[in-house]
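Have a look at the structure below, then the notes.
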Amino acid sequence: IALGSEIALPADISGKSSVVLDLIAGAGYSRRLGDKSVFSGGYNLDIELFPEVSDFSMVDQSAFAGFRHVFSPSWGAAVQASDQYTMVGGSGFRNRMGLRGSAKRKFGNRSTLEAILSIFTDTFPGEADEARQDRDGTLSALGLDYRFAFKRFGLGCRLLYVHSVNSADGGDFDYATEDLLLEIGMVLKDAGVTREKALMALKAAGKVVYG
């Protein structure tokens, strides 16, 4: 155990502080293609400014386009392509391009199971000091998302499992992870909206719904 006054800061930590200015903006578009399909696209911008330490200021831009289709009241599928470009301190930091596909199965009115496959390619400008520290690579993730509702008690549960593998050009950044998430929610007050009204609102907003 040591007191802060006895610890020397590393050379790359200045000890400076700064106010943070955060700007988030986005735009999206969706269009129904018949009764069972929807095309969507959008753009998001996230700017974080640190006036006193501008080297840490970040600009993150992303664009996406997706297509969703319902094959039957119980089956649906979706695919989405995306491109994200991040700058830090005014210089390019990372370009991530991705493709995500999913298939969803609905079991009655209480539960759904969705299988998701995502693939991302990361490109970091510049060259690494050593070949094994090259972060350029491909991240692949396979997930299962199960949701169940206990309508009698107003409870909703979600169990999400994700297996991810990152294969980088440099061995120092190869890794594999296993993630498990459990969420439980409860409705404390009924909003008084019927299922029929909710479905009408979703369809009016251009959303594809199941059943």
- Largest first, how would K36, K16 line up by accessible area (1.4 Å probe)? K16, K36
- In terms of the Cα gyration tensor, with a ≥ b ≥ c the square roots of its eigenvalues, is the range 49-165 rounded because a/c is under 1.5, prolate because a/b exceeds b/c, or oblate? prolate
- Query: Stretch R110-A63 to full length: gain in nm at 0.36 nm per residue minus the Cα-Cα span?
  - Reply: 13.6 nm
- Task: First select every other residue whose beta carbon is under 11 angstrom from the beta carbon of I47; then total the charges, Lys and Arg +1, Asp and Glu -1.
- Result: -4
- Query: When the accessible area of the range 142-189 is computed with all protein chains present and a 1.4 Å probe, what percentage of it is carbon and sulfur?
  - Reply: 64
- Task: Could you work out the local net charge near Q84, counting Lys and Arg as +1, Asp and Glu as -1, over the other residues with Cβ closer than 12 Å to its Cβ?
- Result: -2
- the range 68-175, relative contact order in percent, only Cα pairs under 8 angstrom and at least six apart counted: 20
- Task: Please work out the Cα center distance from the range 101-126 to the range 148-176, rounded to the nearest Å.
- Result: 10
- Query: How large is ³J(HN,Hα), in whole Hz, for each residue of the range 61-71 in order, when computed from phi with the Karplus curve 6.51 cos²θ - 1.76 cosθ + 1.60 and θ = phi - 60°, using x for Gly and Pro?
  - Reply: 10, 9, 9, 8, 9, x, 9, 10, 9, 9, 7
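The values are calculated or read from the model by the stated rules, or taken from the named source; none is laboratory data. These numbers come from a predicted model, not from an experiment. Backbone-built Cβ (ideal geometry, glycine too); neighbour counts: all protein chains shown. Only protein heavy atoms, including side chains, enter the accessible area calculation; ligands, DNA and RNA are left aside. Shrake-Rupley method; radii C 1.70, N 1.55, O 1.52, S 1.80 Å.
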